[in-house]
1. Could you grab me the full set of residues in the range 168-205 that are of a type in the set (D, E) and under 19 Å from E108 (Cα atoms)?
2. Report, ordered by the first and then the second residue, all pairs with beta carbons closer than 9 Å, sequence separation of six or more or different chains, a first member in the range 1-30 that is of a type in the set (A, V, I, L, M, F, W, C), and a second member that is loosely packed, with under 10 Cβ neighbours inside 10 Å.
3. Quick one: would you say D250 is without any contact (Cβ under 8 Å) to a residue 24 or more places away in the chain, assigned to a helix (DSSP H, G or I) and in contact with a Phe, Trp or Tyr (Cβ under 9 Å, 6 or more places away or on another chain)?
4. Scan the range 127-151 for residues that are loosely packed, with under 15 Cβ neighbours inside 10 Å and touching a residue at least 40 places away in the same chain (Cβ under 8 Å) and jot them down.
5. Could you pull out the residue among I57, I10 that is of a type in the set (V, I, T) and in contact with a strand residue (DSSP E or B) (Cβ under 7 Å, 6 or more places away or on another chain)?
6. Output the residue which, of all residues in the range 284-309 that are under 16 Å from the mean Cα position of the chain (by Cα) and in a strand (DSSP E or B), is nearest to Q53 (Cα to Cα).
7. Could you say which residue among E281, E323 is open to solvent by 70 Å² or more (accessible area, probe 1.4 Å), of a type outside the set (G, A, S) and closer than 29 Å to D128 by Cβ?
8. Between Y219, Y194, Y236, which is modelled with pLDDT under 95 and of a type in the set (S, T, Y)?
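The values are calculated or read from the model by the stated rules, or taken from the named source; none is laboratory data. Just so we're clear, the structure is a prediction, and the values are computed from it rather than from any experiment. Heads up, the Cβs are rebuilt from the backbone with ideal geometry, glycines too, and the neighbour counts pull from every protein chain shown. Just so you know, the surface numbers come from the protein's heavy atoms only, side chains and all, with ligands and any DNA or RNA stripped out. Shrake-Rupley method; radii C 1.70, N 1.55, O 1.52, S 1.80 Å.
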Amino acid sequence: VLGRPLEILIEDGKSDVPTITSVAKKLVEEDGVHVMAGLTDTSYMLAAGPVAQEAGIPFLDVGGTAPLITTVGDFIFMLPFGDNVQAAVAAEYAHEQGWITTAILLDEAMDYTKFLAQYFKDRFTMEDIGGQVVSELSYSMGDTDFSAQLTEFVNLDPQPDFLFISANPGEIGTIVRQARDLGLTMPIVGGDGYDTPLLAELGGDAATNIYFTTHQGIYDKTPISEAFNAAYEAEYGNPPEAVFAALGYDGIKLMADAITRAGTIEGTAVRDALAATQGFEGVTGTISYEPGVRIPSKSVALIEVVDGENNLLEIVVPEVVPEA
């Protein structure tokens, strides 16, 4: 990049907000990084983003999806679509299937799961869909027993047409397993937190009749995605475990591209080059930023899980997106 090797310094935030804030400060104050990229959750971006913003260092969020992330400041950019976009796709798909009623379970401890559930509810209950939320319950990240909440769903009469479960990767497989064990056989719908091998590993044969929204990249058969999948397998001996590998790849590539276009590593110039990005062809889709908007408009992959296998149903742009 600009005739110099790109050095990547990696810090483990340990999925812990105080730790993420601490390591972000270390990267800025001790290591003197010029740009930052990473993190796959909204709460973690809200911890690290202000550190970069205050220092004037461009930060490209590769996996956090709440539109709130970019309100941290003008040095913070999102690579993925916003949760309001993927939630709208899920709600519109449910409507297409004729599913009218749902019960919602969400993680009350995480910003991602709270925002995703709210955006889904906003879109599902709009007049053109007319969906009904018959129950809404919560749990906290790290919980392992969801039987109390799921039993309440079992006791609903009539039963909802489907469940919308807004969960992180660590819990969704266990929730699915416990739901099926309790006799909840209806479809389960959710977001990109389902894009994890843990869903099949922990859910086992219960991981079926599940639908989730996620990012393009490893599911669609485009030349760029197939080349990425082949290169990943050659390097690591297996296909990408989740689409977040492709998001991380796009994040580094886009940041390098912006530095090249800026012609310098000075923070303001790189920020302006990122903001001017138009038509960047990434593995996870084409990335462009509209003036004053640091969230790209991207399509959403809709996945059906059958017997633990993720199958692409379609690539979708929602008809209506709830206001962020």
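1. Correct list: E171, D192.
2. V23/D12
3. Answer is no for this residue.
4. D128
5. Of the residues listed, the single one that is of a type in the set (V, I, T) and in contact with a strand residue (DSSP E or B) (Cβ under 7 Å, 6 or more places away or on another chain) is I57.
6. Filtering the range 284-309 for residues that are under 16 Å from the mean Cα position of the chain (by Cα) and in a strand (DSSP E or B), the one nearest to Q53 (Cα to Cα) comes out as I287.
7. It is E323.
8. None of the other options fit; the residue is Y219.
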